[in-house]
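Peer 1: The following block contains the structure, expressed as structure tokens.
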């Protein structure tokens, strides 16, 4: 599935900027290239900057990175549920509460990279088992429709969005 295969009924309009940020790309390519980009970009962040926030009430770099991990886990789970035809509506989550409870600023860059790589490899392995036609299956999350394929592309677009913010406002 490519980003251009999605319709606006495949996901909540809130996620449109994430999908558009990817351009025309195939889902598995987005997941794999995103993994390499994440690791390269994070390795280049100076240790002294990891607990920096560009404004009052903004997350630190470490908090942003853990937010990416948490969000990928949630969207991976959503994709699995929808792929398996689970019609149970899934609730949203409060990203700010997740960040507060994450203890991200006590983490090392190496521990975050290790966790991220394990998670992204798991995401890739999961999506590799999904049949192309079934990527169009729809579920409900946060009171909105979402397709399996959209969940995977949102993972990639969300990461790209936040890595861009790190590059432009933090580093």
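Peer 1: If you take the residues of segment 1-13 that are over 18 Å from the mean Cα position of the chain (by Cα) and either under 16 Å from residue 165 (Cα atoms) or assigned to a helix (DSSP H, G or I) (or both), which of them is modelled with the lowest pLDDT?
Peer 2: Only one residue fits best here, namely 8.
Peer 1: Could you tell me which of the residues 98, 54 is at pLDDT below 95 and in contact with a helix residue (DSSP H, G or I) (Cβ under 7 Å, 6 or more places away or on another chain)?
Peer 2: 54
Peer 1: I'd like the residue in segment 93-144 that is under 26 Å from residue 63 (Cβ atoms) and touching a strand residue (DSSP E or B) at 6+ places or on another chain (Cβ under 9 Å) and, out of all such residues, is surrounded by the most Cβ atoms within 10 Å (Cβ to Cβ).
Peer 2: 141
Peer 1: Do we have residue 58 as part of a loop (DSSP other than H, G, I, E, B) and out of contact with any strand residue (DSSP E or B) (no Cβ under 9 Å at 6 or more places or on another chain) here?
Peer 2: Here the answer is yes, as residue 58 does meet what is asked.
Peer 1: Test residue 112 against the stated conditions and say whether it is in a helix (DSSP H, G or I) and farther than 20 Å from residue 135 by Cα.
Peer 2: yes
Peer 1: If you go through segment 117-146 one residue at a time, how many are farther than 20 Å from residue 70 by Cα and without any contact (Cβ under 8 Å) to a residue 24 or more places away in the chain?
Peer 2: 3
Peer 1: Could I ask something else about it? In the set 32, 16, which member is part of a helix (DSSP H, G or I) and in contact with a helix residue (DSSP H, G or I) (Cβ under 7 Å, 6 or more places away or on another chain)?
Peer 2: The conditions single out 32.
Peer 1: Could you give me the residue pairs with C-beta distances under 8 Å whose first residue belongs to segment 89-116 and is over 25 Å from residue 34 (Cα atoms), whose second residue is in a loop (DSSP other than H, G, I, E, B) wherever it lies, and which are 6+ apart or on separate chains?
Peer 2: Listed pairs, sorted by first residue: 89/143; 90/142; 91/142.
Peer 1: Could you tell me whether segment 35-51 includes any residue that is part of a helix (DSSP H, G or I), closer than 15 Å to residue 149 by Cα, out of contact with any strand residue (DSSP E or B) (no Cβ under 8 Å at 6 or more places or on another chain) and modelled with pLDDT of 95 or more?
Peer 2: No - not one qualifying residue is present in segment 35-51.
The values are calculated or read from the model by the stated rules, or taken from the named source; none is laboratory data. Only a predicted model underlies this, so the values are computations on that prediction, with no experimental measurement involved. Virtual Cβ from ideal backbone geometry, glycine too; neighbours counted across all protein chains shown.
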